[in-house]
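Single-structure report; data block below.
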Amino acid sequence: MNNQRRQFLNQLSFITAFAALNRPMGSIASISKHINTLHSVKDAVTVYHTNDLHGNFNAVFNGSGGIPQIKALLQKQETNGLILDAGDFLNPAHSLSKQHDVIYAMNSMGYLAATIGDNELLLGEDHLAQLIPSMNFKLVNCNYQFNNTLSKLVAPYIIINSGKFKIGITGVGHQVKGVKYNDAITCANNIASVLKHKEKCDLVICLSHLGYEQQGDMPDNRKLARQSENIDMIISGHNRKLLKGSMVLLNKQKQEVVLNQAGWDGLMMGKAVFNFKNGNQKSGFRGKNIIPGHTNESFVSAFPELRLMEKQLMAS
């Protein structure tokens with residue numbers, strides 16, 4: 001154990017012991033998580049991500065799934081991180097009140113950004129514009145051209161600081177009837193170039209609602225990864241798709257791009273950790289998907305049954 005790690009653990013033990021005399025157990029866990037986060041942000045960026053929540057508050061598989069379980073899972077994590085969503089977090093069939101409930105839940109969970117899926121647009125641009133003031137997170141998209149009202153409320157990208165690291169976040173979506181569409185891959189690459197070279201971001205993330213895989217020449221997230229430049233991670237949404245964990249693909253410059261998609265309806269949450277060395281040079285990556293209430297072992301054993309459910313939903 002190196003001296004830095006030993007000193008960190010000593011600080012954690014002291015502060016936790018002090019807290020135990022003065023705070024309830026929930027506060028102790030919060031202090032411990034805060035210290036772990038302070039230590040991790042020195043050389044790493046942690047990202048938690050969801051997609052296709054569909055406004056769902058209910059379990060969808062063996063008691064697992066739904067926004068409340070994702071919230072509980074986030075609270076159990078040892079460190080804080082960026083919380084992002086790749087679109088379709090709302091359900092257009094729900095009442096306005098239920099749509100607000102989803103937004104308030106995401107606010108309470110600490111979401112920082114989400115991209116726009118077709119679900120968010122099915123009731124019209126004006127409807128989405130009316131919902132945005134209730135959101136504490138930012139909507140990002142760089143390839144749609146909206147009406148004047150919505151265009152002022154959606155950003156082509158945002159930049160977030162995590163410790164000493166700058167993270168640029170943009171978003172793209174597939175063609176939606178009634179919305180002016182520009183080529184998603186071209187737009188994503190243009191914004192990524194701005195974020196990496198002009199804004200000097202250490203990490204560029206694209207929240208993409210193109211779908212994991214589409215037929216023919218239709219853009220999808222695997223095509224985006226392979227044709228991308230300057231994008232470090234693609235958080236995928238659309239299509240009900242199950243991945244055991246993150247994939248690493250090569251972009252146009254033969255550089256690594258991380259791609260992940262975390263189920264649907266709050267069934268899974270993705271976690272990605274990017275490590276850095278020598279200042280701001282990427283040195284490693286760890287990624288996985290987590291099912292609330294499941295260990296890694298039970299996740300693996302449940303995966304064949306989940307895959308069958310995926311096929312049935314795709315066929316319906």
May I ask you to list the residues of the range 188-220 whose amide nitrogen lies under 19 Å from a point 7 Å from Cα along the Cα→beta-carbon direction of Lys180? 188, 190-191
Cross-link reach from Lys288 to lysines, straight Cα distance under 16 Å and at least 8 residues apart if same chain, gives Lys76, Lys241, Lys244, Lys271
Assuming 0.36 nm per residue, please report the length gained on full extension of the stretch Lys200 to Gln214 beyond their Cα-Cα distance. 1.8 nm
Starting from the Cα gyration tensor of the range 43-315, take the square roots of the eigenvalues, sort them a ≥ b ≥ c, and report rounded, prolate or oblate (rounded when a/c is under 1.5, otherwise prolate if a/b is larger than b/c, else oblate). rounded
Would you mind calculating the gained length between His100 and Ala72 on full extension (0.36 nm times residue separation, minus the Cα-Cα distance), in nm to one decimal? 8.1 nm
Per the rule of 0.36 nm per residue minus the C-alpha distance, extending Lys244 to Asn280 adds in nm 10.1 nm
Among the range 256-290, those whose backbone N falls under 20 Å of a label point 7 Å along Cα→Cβ from Asn62 are 262-271, 288-290
Using the structure shown, select from Lys223/Lys282; Lys42/Lys71; Lys42/Lys223 the pairs with a Cα to Cα distance greater than 28 angstrom. Lys42/Lys223
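The numbers here are math on the coordinates, done by the rules we state, and not lab data. The model shown is predicted, which means the values in this text are computed figures rather than measured ones. We place every Cβ from the backbone using ideal geometry, glycine too, and count neighbours over all the protein chains shown.
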